[in-house]
Amino acid sequence: MSPRVRPALVSLTQLLTAALLLGGCTKEEPASGALGTADERTLQKLRQEVDRVNQGGRPTPGPESTRGDPNAQLAGLAAGLDDAAPRRMELPESNATVHVDTVAVKLTGLESSHSVKGSGKLSMTTEELFLRVQLVTQNVGPAPVTMDWDAARVVGAQDASYGIARDAQVLAGTRPLRRTWALEERSDVILMFELPPPVLKEGDLQLVIPGTGGEVRIPLR
């Protein structure tokens with residue numbers, strides 16, 4: 001049986017020396033026995049830290065070690081360390097069917113996530129949030145109609161506007177945003193946006209779809 005190795009005890013001198021090295025010194029050191037109130041508090045904290053570490057606790061990291069890698073959060077999301085799975089959002093109570101030219105449009109699904117997965121191992125991760133908007137559409141006009149959803153956008157408070165996240169749109173494998181609806185054709189449309197998380201908590205969030213007869217707005221929140 002191998003002998004147990006006891007952790008080395010930390011001395012007050014070691015912690016005080018480390019504190020001076022990290023914090024630096026811009027004033028002359030006070031004479032022995034002339035410590036101010038701030039110095040006394042610092043020594044008290046150091047003594048408490050010595051006792052805590054000697055009892056088996058982990059040393060408190062210094063300022064440099066807490067800064068971390070600026071890409072650490074993004075890497076954590078990509079690795080699945082945070083909750084990057086899609087979150088289904090509730091649809092607004094007022095969810096009426098609207099008409100963009102001769103195409104009837106109704107909101108059927110809302111999801112937010114930090115990651116978008118494509119075919120195979122391809123994926124995309126962001127510190128913002130991807131908003132997946134699902135709509136059901138049907139051409140109710142007398143003839144086929146061509147529509148371009150490329151200019152669709154999400155509008156938040158104070159008219160902050162967020163356009164289509166093109167890379168995420170392609171990666172998600174959605175249908176082309178510009179295409180023709182046959183007579184009475186019914187199909188789903190998926191739109192991908194990227195926006196800051198606080199925007200999703202705002203009460204006024206709308207999907208804006210341009211049409212030949214003007215813009216059509218669909219409430220999302």
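The values are calculated or read from the model by the stated rules, or taken from the named source; none is laboratory data. Quantities reported herein were computed from a predicted structural model and do not represent experimental measurements. Cβ atoms come from the backbone with ideal geometry, glycine included; neighbour counts cover every protein chain shown. Only protein heavy atoms, including side chains, enter the accessible area calculation; ligands, DNA and RNA are left aside. Shrake-Rupley method; radii C 1.70, N 1.55, O 1.52, S 1.80 Å.
Mind checking whether some residue in the range 174-191 is assigned to a helix (DSSP H, G or I) and under 19 Å from VAL116 (Cα atoms)? No; the residues of the range 174-191 include none that is assigned to a helix (DSSP H, G or I) and under 19 Å from VAL116 (Cα atoms). Of the residues making up the range 158-172, not a single one is over 21 Å from VAL116 (Cα atoms), in a strand (DSSP E or B) and open to solvent by less than 40 Å² (accessible area, probe 1.4 Å). A single entry from PRO210, PRO197 fulfils the requirement of being within 22 Å of the chain's Cα centre (by Cα) and either surrounded by 17 or more Cβ atoms within 10 Å (Cβ to Cβ) or not β-branched (Val, Ile, Thr) (or both): PRO197.
Yes or no: ALA152 small (Gly, Ala, Ser), crowded, with 19+ Cβ neighbours inside 10 Å and closer than 25 Å to GLU202 by Cβ? Here the answer is yes, as ALA152 does meet what is asked. Against the numbered list (1) closer than 24 Å to ALA182 by Cβ; (2) of a type outside the set (A, V, I, L, M, F, W, C); (3) part of a loop (DSSP other than H, G, I, E, B), GLN134 comes up short only at (3). Among the residues making up the range 192-210, those that are in a loop (DSSP other than H, G, I, E, B) and modelled with pLDDT of 90 or more are PRO196, LEU205, PRO210. Output the number of the condition that VAL208 fails; it satisfies all remaining conditions of (1) among the aliphatic types (A, V, I, L, M); (2) in contact with a His (Cβ under 8 Å, 6 or more places away or on another chain); (3) farther than 19 Å from ARG88 by Cβ. Only one criterion is unmet by VAL208, namely (2).
Restricting attention to the range 89-121, which residues are under 22 Å from ILE209 (Cα atoms), part of a strand (DSSP E or B) and either touching a Leu at 6+ places or on another chain (Cβ under 7 Å) or modelled with pLDDT under 90 (or both)? Spell out the reasoning first.
If we filter the range 89-121 for residues that are under 22 Å from ILE209 (Cα atoms), which is where we start, we get 89-112.
Pick out the ones that are also part of a strand (DSSP E or B) and you get 98-100, 103-112.
Across the range 89-121, the qualifying residues are VAL105, LYS106, LEU107, THR108, LEU110, SER112.
Mind checking whether some residue in the range 118-133 is more than 22 Å from THR97 (Cβ to Cβ), surrounded by 15 or more Cβ atoms within 10 Å (Cβ to Cβ), among the small types (Gly, Ala, Ser) and touching a residue at least 24 places away in the same chain (Cβ under 8 Å)? The answer is no, given that none of the residues of the range 118-133 is more than 22 Å from THR97 (Cβ to Cβ), surrounded by 15 or more Cβ atoms within 10 Å (Cβ to Cβ), among the small types (Gly, Ala, Ser) and touching a residue at least 24 places away in the same chain (Cβ under 8 Å).
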